[in-house]
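K.L.:
Below is a structure I'd like to ask you about.
The values are calculated or read from the model by the stated rules, or taken from the named source; none is laboratory data. Just so it is clear, the structure is predicted and the values come from calculations on it, not from any experiment. Because the Cβ atoms are built from the backbone with ideal geometry, glycine has one as well, and the counts that use them run over all protein chains shown. Just the protein is used for accessible areas: all its heavy atoms, side chains included, with ligands, DNA and RNA removed. Shrake-Rupley method; radii C 1.70, N 1.55, O 1.52, S 1.80 Å.
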Amino acid sequence: MEGVDVIKNIREWSVMPIIILSARSNEQHKIDALDAGADDYLTKPFGLGELLARIRVAMRHSVSNPAQDQSGVFTTGALKVDLLKREVVVDDREVHLTPIQYRLLSC
């Protein structure tokens, strides 16, 4: 699956920040990714400091997530994530995630 298709697919169910890290420096690739829903596009080579700064910006912009209600519960389709209880449920069954998996999901 092409990167633009992945972005479009993610945007169907999530508003999480998407930062593209790519070796492609072609302007049209950047435009296509950003138009598909990416929040930022970083071309290799890049410094770790720049990447971390762009992640901080993306996180600041995602603080008010409309898909998350005031109780800290995010729901989309069969997926339910309770950020306060740190519980993940799919099709009414609790899913146990590793700490890294949970951090990725809750971003």
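K.L.:
Of everything in the stretch 86-96, what is farther than 22 Å from residue 12 by Cβ, of a type outside the set (Asp, Glu) and surrounded by 10 or more Cβ atoms within 10 Å (Cβ to Cβ)? Give them in sequence order.
P.N.:
86, the sole residue that qualifies.
K.L.:
Filter the stretch 1-17 for residues that are open to solvent by 40 Å² or more (accessible area, probe 1.4 Å) and touching a residue at least 60 places away in the same chain (Cβ under 8 Å) and give the result.
P.N.:
Hits for the stretch 1-17 are 13, 16.
K.L.:
While we're looking at this one, here's another question. Among the residues of the stretch 66-74, is there at least one that is charged (D, E, K, R), at pLDDT 75 or above and either surrounded by 10 or more Cβ atoms within 10 Å (Cβ to Cβ) or out of contact with any Ser or Thr (no Cβ under 9 Å at 6 or more places or on another chain) (or both)?
P.N.:
no
K.L.:
Quick one: what pairs do we get from the stretch 26-52, first residue within 19 Å of residue 11 (Cα to Cα), second at pLDDT below 90 and among the small types (Gly, Ala, Ser), C-beta under 8 Å, 6+ apart or different chains?
P.N.:
33/3; 39/58; 40/58
K.L.:
Restricting the search to the stretch 78-88, which residues are at pLDDT 85 or above and closer than 17 Å to residue 16 by Cβ?
P.N.:
79, 80, 81, 88
K.L.:
Oh, and also: Take the residues in the stretch 18-49 that are among the small types (Gly, Ala, Ser) and surrounded by 14 or more Cβ atoms within 10 Å (Cβ to Cβ); name whichever of them is farthest from residue 60 (Cα to Cα).
P.N.:
Here the residue is 22.
K.L.:
Are any residues in the stretch 89-107 at pLDDT 90 or above and either touching a Phe, Trp or Tyr at 6+ places or on another chain (Cβ under 9 Å) or aromatic (Phe, Trp, Tyr) (or both), and if so, which ones?
P.N.:
Result: no residue meets the conditions.
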